[in-house]
Amino acid sequence: MKVLVTGGAGFIGSHLAKKLLIEGHEVVVVDDLSNGYIKNIPKGAEFIKLDLSDTRIYDKLPKDIDIVYHLASQASGEASCDNPIYDLKVNSLATLALLQWSKEYSIKKFIFTSSMGVYADNLACQVSENSPIEPKSFYGVNKLSSENFIRIYTEEGLNTTIFRLFNVYGPGQNMINLKQGMVSIYLSYVLNQKPVCVKGPLDRTRDFTYIDDVINALYLGMFDNRSDNGVFNVCTGRELSVKDVLKKIFITMGVESDYQVDIYPRTPRDIDHSCGDNSLIKSALSWEPIVKFENGLEMMSKWAKIFNK
């Protein structure tokens, strides 16, 4: 099939584009390069530089697309608080415009990467797809807004699947952006032999999912043709504290356990705890997270050492 991958020059999008090419699909990458890099786009993919929030230039998109994977977004809760208008534009507006285009050109499947940021914070248990929805950040609000746009277009006949991603990490993650990606941020400080800057308390928790597992889940979305158009958590169900993550990074990188960590005030609208329930995607798509955090961190660290040279 011919597949459009928005955000295909970014971390997750470039991995997905590579997977699609390996599986024999034709891939068109759309990216405005605000967060992604040309070098990330795999050989064999067509590339179109495009700001998806600018509806005047949608005529540059090919009209014979079968599947749309919409990953392009501003993906930092902290950055969304710095510039909420920009976040609204590149997340909500871009999704709405792409949905309208997908409807007009009879796209067979629209697959969207949402976020665990749509859920309420400090829930006492693993969050399922039916847990309370109450986004804390502008980023989470705009992801939820996009989900609601998708719901409306689904009711009008568009075949859709939504994946709510938890904390994705792995080789290829942006090591320069220190406002997005907890593992990549802390790893970057250690690689550059600088004190680790932690914004917020060490007892905050996250559910980390390795990039290969995430890509396998997204790929399965192509074949999710159930009538109820699924919404799925992509997570491990394992909760790790910031303190635990730092400890594992120090061990993996071979530095002293008392490596300098400087604690600063938390970022605005940051969440305290995040841990997902993945039972729905396991049963519906036969997906299972395979890579343990320690193993994924080892693979990411080996890549990061090469990247940092």
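Given a 1.4 Å probe and every protein chain left where it sits, what share in percent of the accessible area of the chain is carbon and sulfur?
Numbers: 7110 of 13750 Å².
The C+S portion of the solvent-accessible surface of the chain is 52 percent.
Taking only the alpha-carbon atoms of the stretch 262-309, what semi-axes of the equivalent ellipsoid follow from 5 times the gyration tensor eigenvalues under a square root, in whole Å, largest first?
Working: eigenvalues 153, 109, 14 Å².
Three semi-axes, in Å: 28, 23, 8.
Do you know the relative contact order of the stretch 94-143, to the nearest whole percent, from alpha carbon pairs under 8 angstrom that are 6+ apart? Don't jump to the answer; show the numbers that get you there.
On the way: 35 pairs, mean separation 17.0, N = 50.
Result for the stretch 94-143 is 34 percent.
Dividing the Cα convex hull volume of the stretch 1-133 by residue count, how many Å³ per residue is that?
Working: hull volume 16.9 nm³, N = 133.
So the per-residue hull volume is 127 Å³.
For a paramagnetic label modelled at 7 Å from the Cα of D272 toward its Cβ, which residues of the stretch 122-153 fall within the zone defined by backbone nitrogen distances under 15 Å?
Zone members listed by number: 122-126, 136.
Using a Debye calculation, one point per C-alpha and no hydration shell, please list log10 I(q)/I(0) for the stretch 120-195 at q = 0.14, 0.15, 0.21 Å⁻¹ in order.
Result of the Debye calculation: -0.68, -0.75, -1.04.
Hey, how much of the P(r) for the stretch 1-57 falls beyond 13 Å, as a percent of Cα pairs?
Values: 812 of 1596 pairs.
In whole percent, the share of Cα-Cα pairs in the stretch 1-57 beyond 13 Å is 51.
Tell me the relative contact order for the stretch 208-291 as a rounded percent, counting alpha carbon contacts under 8 Å between residues six or more apart. Intermediate values should be presented prior to the final figure.
Numbers: 59 pairs, mean separation 41.8, N = 84.
Computed value for the stretch 208-291: 50 percent relative contact order.
Just the C-alpha atoms of the stretch 231-295: what Rg/Rh do they give, with Rh taken as the Kirkwood radius? It would help to have the intermediate numbers written out before the result.
Numbers: Rg = 15.7 Å, Rh = 14.6 Å.
In the stretch 231-295, Rg relative to Rh is 1.08.
So, by mean Cβ neighbours within 10 angstrom, what's the order for 295-307, 247-259 with the highest one leading? Don't skip to the end; give the middle numbers.
Values: 295-307: 16.6, 247-259: 13.5.
In descending order of packing, they fall as 295-307, 247-259.
Would you mind working out the accessible area per residue for the stretch 220-309, using a 1.4 Å probe, and quoting it in Å²? Before the final figure, lay out the partial values.
Numbers: 5080 Å² over 90 residues.
On a per-residue basis, the stretch 220-309 sits at 56 Å².
Enter the accessible area per residue of the stretch 79-157 (Å², integer; probe 1.4 Å; all protein chains in place). Walk me through the intermediate numbers first.
Values: 3580 Å² over 79 residues.
I get 45 Å² per residue for the stretch 79-157.
Please list, in chain and number order, the residues 5+ apart from E134 or on another chain whose amide H is under 5 Å from its amide H, with Hs placed from the backbone.
Amide H neighbours of E134, under 5 Å, 5+ apart: Y119, A120.
When all C-alpha to C-alpha distances in the stretch 202-244 are sorted into bins of 5 Å, what percent of pairs does each bin hold, rounded to whole numbers?
Spelled out bin by bin, the stretch 202-244 gives 5, 19, 20, 18, 15, 10, 7, 4, 1 percent.
Would you mind computing the Rg to Rh ratio of the stretch 184-257 from its alpha-carbon coordinates, Kirkwood style for Rh?
Working: Rg = 16.8 Å, Rh = 14.9 Å.
Here Rg/Rh amounts to 1.13.
Enumerate lysine pairs in the stretch 210-309 that are 8 or more residues apart or on different chains, then count those whose Cα atoms are under 28 Å apart.
So the count works out to 17.
Rounded to the nearest 5, what % of DSSP beta bridges with both residues in the chain are antiparallel? Could the numbers behind the result be given before it?
Values: 3 of 38 bridges.
Antiparallel bridges: around 10 percent, rounded to the nearest 5.
What are the principal axis extents of the Cα atoms in the stretch 189-309, in Å, biggest first?
Rounded to whole Å, the extents work out to 52, 33, 19 Å.
In units of 2.2 N^0.38 Å, what is the alpha-carbon radius of gyration of the chain? Show your work: numbers first, answer last.
Values: Rg = 18.6 Å, N = 309, 2.2 N^0.38 = 19.4 Å.
Its radius of gyration relative to the 2.2 N^0.38 Å reference: 0.96.
The values are calculated or read from the model by the stated rules, or taken from the named source; none is laboratory data. Predicted model, so just to flag it, every value in this text is computed and none were measured. No Cβ is skipped: glycine too gets one built from the backbone with ideal geometry, and neighbour counts run over all protein chains shown. Areas reflect the complete protein model, heavy atoms only, side chains present, ligands, DNA and RNA absent. Shrake-Rupley method; radii C 1.70, N 1.55, O 1.52, S 1.80 Å.
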